[in-house]
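Read the structure below first, then the notes.
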Amino acid sequence: MGAWTLDDIPWDRFDRTKLDPELVRIVKAASLVEHNGAAYAHHLCRVFADDPEFQRTAQRWGEEEVQHGAALARWASLADPEFDFAAAFARFQEGFRVDFDSARSRRGSRSGEMVARCVVEIGTSSYYTALREAAAEPVLAEICRRIAADELRHYRLFYKNLERCLAQERLGRFGRLRVALGRVAESEDDELAYAYYAANEDDRPYDRRRCSRAYARRAFALYRPHHVERGVAMLLKAVGLTPNGRLGVVASRLAWRALRYRAARLARLPHAA
Ligand SMILES: [Fe+2]
Ligand SMILES: [Fe+2]
């Protein structure tokens, strides 16, 4: 388990008057995705079947992700006593199916798998940092502070293992960049959209486009340039490019512009959900 438990969260400081209903919706969705960490840890153990040391690391990592889900779910139940986490999680697992039992990484190699894991941890560490800064409710801010620190540690853990894998496999910078950008693009796939649906809607059928936009509209609005700058630097490092210097400046400017453009378009959409 991580260095903290649910008992370390100051639940008695929960302040209903500081709730933002838009954040409650995305926190519910995040609780489902995080709680699914055990399934992904299982997949990593299959991919690294001959590496008991990394398997232990992956299992510990999975337990920490599950704990993130548990903390967010408990907060969401305080914010909305009608939120039925168990039912929502069952709906999520039923509707979002990936072959977690496969021993083959979708990224083509172990190094590719580690690049994709780095990208996910970059995404989550930026996201929980942005959420912490946006949250007025003190307990949510504290949960996000702890989770963001864990996600940063997870990035370092997968980056370290990536270096180990690269010593045994050939995956050049271009190959790593391809995996990384592919994983970034996947953030608009089913996982988050379906989690948003399973956590927030049970009165209409799933529509990926609508749910993906409903989630993204709320999430993108949280980001500020410093989150994007840091995320881009971490991504460049993971693909073997120099994070500081001209490339970093240009890449983070482009990424910020793209995000702001997308956020503005989503904000202008008629009521998405
Ligand atoms: Fe997490
Ligand atoms: Fe993580």
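Observations
- Oblate is the label for region 67-176, because a/c, from the alpha-carbon gyration tensor with a ≥ b ≥ c as root eigenvalues, is 1.5 or above and a/b does not exceed b/c.
- Sites matching trypsin sites (Lys or Arg not before Pro) across region 4-110 that sit in DSSP coil, with at most 14 neighbouring C-beta atoms within 10 Å: R97, R104
- Note that the chain presents 50 Å² accessible area per residue, ligands and nucleic acids not counted, probe 1.4 Å.
- Helix 37-47 axis, angle to the chain major axis (alpha carbon atoms, nearest 10°): 20
- Taking the accessible area of the chain, probe 1.4 Å, and keeping the other protein chains in place, the carbon and sulfur fraction comes to 52%.
- Extension gain (nm, one decimal) between R209 and V249, 0.36 nm per residue minus Cα-Cα: 11.2 nm
- Dipole in debye (nearest 20) - region 165-216, about Cα centre, beta carbon charges: Lys, Arg +1; Asp, Glu -1: 480
- Per-residue ellipticity at 222 nm, computed for the chain from helices alone with -39500 (n - 2.57) per DSSP H run of at least four residues, works out to -24000 deg cm²/dmol.
- Cα-derived Rg over Rh, computed across region 1-143 with Rh taken as Kirkwood radius: 1.00
- Overall Cα dimensions of region 27-73 - principal axes, largest extent first, Å: 36, 13, 8
- Rounded to the nearest Hz, the phi-derived 3J(HN,Hα) couplings of region 24-30 under the Karplus curve 6.51 cos²θ - 1.76 cosθ + 1.60 (θ = phi - 60°) are 4, 5, 7, 5, 4, 4, 4, where x marks glycine and proline.
- Cα convex hull, region 57-128: 115 Å³ per residue, rounded to a whole number.
- Expected-Rg normalisation [2.2 N^0.38 Å, Cα atoms] applied to the chain: 0.98
- 17 Å tail of the calculated P(r), region 176-222, as % of Cα pairs: 38
- Seen against the Cα atoms of the chain and their longest principal axis, helix 190-200 is set at about 20 degrees.
- Backbone N within region 245-259 under 15 Å of label point (7 Å from R173 Cα along the Cβ vector): 245-251
- Values of log10 I(q)/I(0) for region 170-273 across q = 0.15, 0.22 Å⁻¹ run -0.72, -1.15, by the Debye formula with one identical scatterer at each alpha carbon and no solvent.
- Estimated inter-spin distance, L269 and A185, nm [label 7 Å along Cα→Cβ]: 2.0
- Span from the region 84-123 Cα centroid across to the region 212-273 one, whole angstrom: 22
- Taken one residue at a time, the phi angles of region 112-127 give Karplus couplings (6.51, -1.76, 1.60, θ = phi - 60°) of x, 4, 5, 4, 5, 5, 4, 4, 5, 5, 4, x, 6, 5, 5, 5 Hz. Gly and Pro are set to x.
- Rounded tilt (10° steps) of 173-185 against the dominant C-alpha axis of the chain: 10
- Neighbour-limited loop hits for GluC sites (Glu not before Pro), region 28-110 (at most 14 other Cβ within 10 Å; DSSP other than H, G, I, E, B): E82
The values are calculated or read from the model by the stated rules, or taken from the named source; none is laboratory data. Given the structure is predicted, the values throughout are model-derived calculations rather than measurements. Cβ coordinates were reconstructed from backbone atoms using ideal geometry, including for glycine residues, and neighbour counts include every protein chain displayed. Surface accessibility is based on the protein's heavy atoms, side chains included, excluding ligands, DNA and RNA. Shrake-Rupley method; radii C 1.70, N 1.55, O 1.52, S 1.80 Å.
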